[in-house]
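What follows is one structure encoded as structure tokens, with my remarks underneath.
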Amino acid sequence: MSLQAFSDEYLPKAIIDRENEQDAIASYLKDIMLMKTSKVLYIHGSPGVGKSTVVRAVLSQFEDSNENSVVAHLSCTSLTPYLCLQEIHSKVCGQLSKRLTSQEIVMEITRRLLLKKYVLIVALDNFDKMQDVEQLLWSFHEIMQKVPRFGLILVSTSKFELMDMVGERLYSRLRPEVIEFKPYSANRLFEIMKSRILEAYGKPIAEDSALEKIAEFAEVNGGSARHALKILLDSIEEAQRLELSKVNSQVVEKVLEQEKKNLLLSELHELKEEAPREYEVLKVIAELSVKEENIYTGLVEEAVKEKGLMVCRRSLEYYLSDLERRGFLKLNSIRINKGHSTKIELIIPRESIS
């Protein structure tokens with residue numbers, strides 16, 4: 001039970017915060033039922049801010065109170081459009097007895113919904129992770145044109161607007177309502193962790209001061225409950241290893257030091273993948289920091305040229321500014337003789353840059 005309470009699939013007894021979001025989703029479902037209409041709802045927000053948990057909780061209540069409803073909550077991370085249609089077909093019509101095309105599956109689902117007067121609600125979690133998702137959404141649009149009560153909920157962690165992902169033509173036909181989940185505050189993260197501990201262990205096994213440290217760290221790094229719970233679980237394991245009865249601040253501080261290193265390595269990996277030239281500039285600065293006490297823009301520019309990197313002065317200045325924004329460098333404008341330059345200080349361990 002203890003580990004289950006910290007998993008992504010776990011549905012807590014009480015959902016902390018998100019009352020407005022729950023009400024908005026419930027109102028959307030109520031409109032479908034009462035107004036006999038088909039509608040699309042787009043839910044987005046960064047990972048770990050409660051989107052999936054809230055959707056599952058509201059859909060569970062909806063399904064329990066509406067006998068004539070069919071609810072499909074699908075994780076799109078490992079599904080193709082065809083497999084998704086198969087899943088919905090099995091819920092609406094039963095398992096496929098033979099191989100059908102996507103179009104034939106859509107027709108069977110539509111026919112069954114009209115015959116039984118079912119209300120169909122489909123929630124696609126992480127729909128933006130599915131390949132060729134536009135193909136699937138066009139299939140759903142076809143069903144929506146014929147079925148009076150069909151709800152399609154699209155859940156996404158993408159930074160892009162829905163129209164940018166599916167195109168203007170499809171977006172104009174879906175006409176989605178939108179709900180954004182903001183990151184959790186430290187206070188809410190504290191409440192979530194305390195609640196999960198009680199559900200898992202039936203008693204407090206972490207000091208409030210320890211939970212506050214985790215909550216503050218998680219808030220600064222994206223406000224994700226998933227992240228906070230992961231750190232909490234690591235802290236519980238460390239406290240057990242030390243044979244402590246409770247997680248204290250000292251245990252959390254030790255776990256957070258490792259977590260900071262993990263986050264740094266993850267950010268560096270992301271930079272290397274997304275902006276390889278900028279990463280190479282950072283490597284040059286790390287190498288210079290070994291042999292140079294003071295590093296200036298001109299020195300970096302010369303070293304970059306010696307490496308054979310095609311980086312102009314304007315691009316170099318942009319990279320330096322972005323590296324400072326990411327927290328890898330500190331830049332200071334200084335006067336040298338009659339001109340100005342920028343002093344560059346590497347503020348992350350150079351050994352972390354490979």
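With respect to the conditions (1) surrounded by fewer than 19 Cβ atoms within 10 Å (Cβ to Cβ); (2) in contact with a helix residue (DSSP H, G or I) (Cβ under 7 Å, 6 or more places away or on another chain), Glu191 falls short on a single one, namely (2). A single entry from Glu237, Glu293, Glu243, Glu257 fulfils the requirement of being assigned by TED's automatic domain parsing to the domain that holds Arg196, of a type outside the set (Gly, Ala, Ser) and more than 33 Å from the chain's Cα centre (by Cα): Glu243.
Restricting attention to the stretch 158-183, the residues that are touching an Asp or Glu at 6+ places or on another chain (Cβ under 7 Å) and touching a residue at least 40 places away in the same chain (Cβ under 8 Å) add up to 3. One residue alone among Leu152, Leu96 is assigned by TED's automatic domain parsing to the domain that holds Ser27, at negative phi, under 26 Å from the mean Cα position of the chain (by Cα) and surrounded by 14 or more Cβ atoms within 10 Å (Cβ to Cβ), and that residue is Leu152. Where helices (runs of 4 or more DSSP H) fall wholly inside the stretch 10-105, the ranges with 3 or more residues that are touching a Leu at 6+ places or on another chain (Cβ under 7 Å) are 51-65, 81-92. Gln145 meets the conditions (1) modelled with pLDDT under 95; (2) under 22 Å from the mean Cα position of the chain (by Cα); (3) in a helix (DSSP H, G or I) in every case but one. The failed one is (2).
I'd like to check which helices (runs of 4 or more DSSP H) are fully inside the stretch 214-313 and have at least 3 residues that are closer than 21 Å to Phe328 by Cα and touching a residue at least 60 places away in the same chain (Cβ under 8 Å). I'd like the intermediate steps shown before the answer.
Details: elements: 225-241, 249-274, 276-291, 297-306.
The helices (runs of 4 or more DSSP H) meeting that bar are 249-274, 276-291.
So is Gln135 outside any helix (DSSP H, G or I), farther than 21 Å from Cys93 by Cα and among the polar types (S, T, N, Q) or not? Explain how you work it out, then say what you get.
Details: outside any helix (DSSP H, G or I): no; farther than 21 Å from Cys93 by Cα: yes; among the polar types (S, T, N, Q): yes.
So Gln135 does not fit the description; no.
The values are calculated or read from the model by the stated rules, or taken from the named source; none is laboratory data. Nothing here was measured: the structure is a model prediction, and the numbers come from that model. Neighbour counts are summed over all protein chains in view; Cβ atoms, including those assigned to glycine, are modelled from backbone coordinates with ideal geometry.
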